[in-house]
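The values are calculated or read from the model by the stated rules, or taken from the named source; none is laboratory data. What you are looking at is a predicted structure, and each value in this text was computed from that prediction instead of being measured. All Cβ positions, even for glycine, are placed from backbone atoms using ideal geometry, and neighbour counts span all protein chains on display.
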Amino acid sequence: MKEVRVPYGQDTKTLRIPEANLAWVEGPKYVPPVRDIPEAVRAALASPIGTPNLKELARRHGTRTMILVTPSPEGIAPDHPQLVELGMTPEHEVHELLRQGRISNRVAAATYLALVQTRRRVAIALVTDGISNEEAGCRAVSAKKKKTAKHC
């Protein structure tokens, strides 16, 4: 087993992963605070600092499990509530709602569609206290000491 320490809010969490299942470890890079959060989110999704974007990582490594660890005390996308409202809406319906002008927040729709495409290529395990299963469109898979991992 390989122990991987990951930042988690002001603390760290230790994940124990069988070495045969560990493709690589990529940690967060320091980024100074930003004033325009929506623009920072768009830029980060398009061009992450020091690592390829999610689409490229999934292409390189094939079907794998991606583990996302975040405290997210503010929940999921507080500045894009429509992202949560889309829930598990089928992709074709989101495209139709966009064509009809019934989705006002195009950033939320684009983020949701990127997530749908990522979910097709990789299994996502979300480790968080701040995002509910319902918000993330996930099912809880384990719980230890009130910490829940979710498969999305």
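Can you find a residue in the stretch 2-12 that is farther than 15 Å from THR111 by Cβ, surrounded by fewer than 10 Cβ atoms within 10 Å (Cβ to Cβ) and modelled with pLDDT under 75? No, the stretch 2-12 contains no residue that is farther than 15 Å from THR111 by Cβ, surrounded by fewer than 10 Cβ atoms within 10 Å (Cβ to Cβ) and modelled with pLDDT under 75. Checking the structure you have, find out if any residue of the stretch 89-106 is exposed (fewer than 13 other Cβ atoms within 10 Å of the Cβ) and modelled with pLDDT under 85. Looking for residues that are exposed (fewer than 13 other Cβ atoms within 10 Å of the Cβ) and modelled with pLDDT under 85, one finds none in the stretch 89-106, hence no. If I filter the stretch 100-118 for residues that are out of contact with any Cys (no Cβ under 7 Å at 6 or more places or on another chain), basic (Lys, Arg) and closer than 26 Å to LEU57 by Cα, do I get at least one hit? Yes, the stretch 100-118 contains at least one residue that is out of contact with any Cys (no Cβ under 7 Å at 6 or more places or on another chain), basic (Lys, Arg) and closer than 26 Å to LEU57 by Cα. Of all residues in the stretch 13-42, those being under 18 Å from LEU54 (Cβ atoms), surrounded by 10 or more Cβ atoms within 10 Å (Cβ to Cβ) and of a type outside the set (A, V, I, L, M, F, W, C) number 4. The single condition from (1) surrounded by 13 or more Cβ atoms within 10 Å (Cβ to Cβ); (2) modelled with pLDDT under 80; (3) outside any helix (DSSP H, G or I) that THR63 fails is (1). Of the residues making up the stretch 93-125, those that are farther than 22 Å from ALA44 by Cα and not aliphatic (A, V, I, L, M) are GLU93, HIS95, GLU96, ARG99, GLN100, GLY101, ARG102.
Quickly run through the stretch 90-131 and pick out the residues that are over 13 Å from the mean Cα position of the chain (by Cα) and hydroxyl-bearing (Ser, Thr, Tyr). Residue satisfying the conditions is SER104 alone. Where the second residue is of a type in the set (Val, Ile, Thr) and the first is modelled with pLDDT under 85 and lies in the stretch 113-134, which pairs have Cβ atoms under 6 Å and are six or more apart or on separate chains? Final answer for the pair search is ALA123/THR65; ALA125/THR65; ALA125/ILE67; VAL127/VAL69; THR128/THR70; ILE131/ILE76.
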